[in-house]
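One structure is given below, encoded as structure tokens.
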Amino acid sequence: MGLTVSGYDSSSISTLFSSLNSSSSSGGSSLSSMTSLLGEYNSIQSGSYFKLLRSYYTPKNGTDTTTTTDKDKLQTTDKQMAEWKSDATELSDAANTLLKKGTDSLFSKVEQKDADGKTTYGYDTDKIYSAVKKFADAYNDMIDSGDGASLSGVRSAVSGMEGLTSANSSILKSIGISVGSNGHLSVDEATFKKSDVTVAKSLFQTSGGYGYQISAKASMVRSSVLSQASGGSYTRTGAISMNDLMSTYSSYI
């Protein structure tokens, strides 16, 4: 029996990935990784993870002999997985808010009135600052929870974020965003609002830019969590959230 994801069976999902993989020569390694990830999902029968866990810790006579230490380890692992996923989601959302274009773009000029009542057009620096500050806070939370993580995929993605930040530290500093010794981002409001908004735009709204790449790394954290049988997207019956699966896939195309 194949794995069913909110009305989709493993065959139809595999067909989706296969057709997308054949229609695009770019990003092949990413699609291959996602196909491999799907294979892991398909290998987990409905509820099998939980049955295996119960079987391991429950003897044949039905008495649960799991020690307090063993339970604490399991609970800690579940807690870490949930924290990584939550932090990655918040960071991705914060980055994506800054990446929006068109009518939803924070970097679109708006009508403003100066002290003399004259109408002008300019950037809403208050909104942009607020969004960048939210991004920085989410980034710091992700660094704190994921740096040195036991899960290699999470650890690697967070290390990649730190590398990207280090590589962009000079340009970040030019708009009032500094990198502390602990790797945290801090945003000086006065300096940021007085800086060249087009620099912030190039960092946070450009496809392939700093914010875009950080969002991609956050999606990698989520992908690593989703690939684990104890991840938050698995229910007690072994079901996987279609939204989580497609959200992770979308970050690769």
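Numerical summary
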item: Residues being crowded, with 17+ Cβ neighbours inside 10 Å and over 16 Å from the mean Cα position of the chain (by Cα) - total across region 96-123; result: 3
item: Matching entry among ALA131, ALA149 (being among the aliphatic types (A, V, I, L, M) and either open to solvent by 90 Å² or more (accessible area, probe 1.4 Å) or assigned to a loop (DSSP other than H, G, I, E, B) (or both)); result: ALA149
item: Subset of region 155-179 (residues that are open to solvent by 30 Å² or more (accessible area, probe 1.4 Å) and assigned to a strand (DSSP E or B)); result: SER178, VAL179
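Here is a yes/no grid of residues against (1) touching a Phe, Trp or Tyr at 6+ places or on another chain (Cβ under 9 Å); (2) at pLDDT 95 or above; (3) farther than 27 Å from GLY180 by Cα; (4) not polar (S, T, N, Q):
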position	(1), (2), (3), (4)
ASP78	no, no, yes, yes
THR89	no, yes, no, no
SER92	no, yes, no, no
LEU99	yes, yes, no, yes
ASP104	no, no, yes, yes
ASP116	no, no, yes, yes
THR119	no, no, yes, no
ILE128	yes, yes, no, yes
LYS134	no, yes, no, yes
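Residue-by-condition table, conditions (1) in contact with a Gly (Cβ under 9 Å, 6 or more places away or on another chain); (2) in a loop (DSSP other than H, G, I, E, B); (3) closer than 20 Å to ASP144 by Cβ:
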| position | (1), (2), (3) |
| --- | --- |
| SER181 | no, yes, yes |
| SER186 | yes, no, yes |
| PHE192 | yes, no, no |
| THR198 | no, no, no |
| LEU203 | yes, no, no |
| GLY208 | no, yes, no |
| SER215 | no, no, yes |
| SER219 | no, no, yes |
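The values are calculated or read from the model by the stated rules, or taken from the named source; none is laboratory data. What you are looking at is a predicted structure, and each value in this text was computed from that prediction instead of being measured. Glycine gets a Cβ as well: all are built from the backbone with ideal geometry, and neighbour counts include every protein chain shown. In case anyone asks, the SASA skips ligands and DNA or RNA and just uses the protein heavy atoms, side chains included. Shrake-Rupley method; radii C 1.70, N 1.55, O 1.52, S 1.80 Å.
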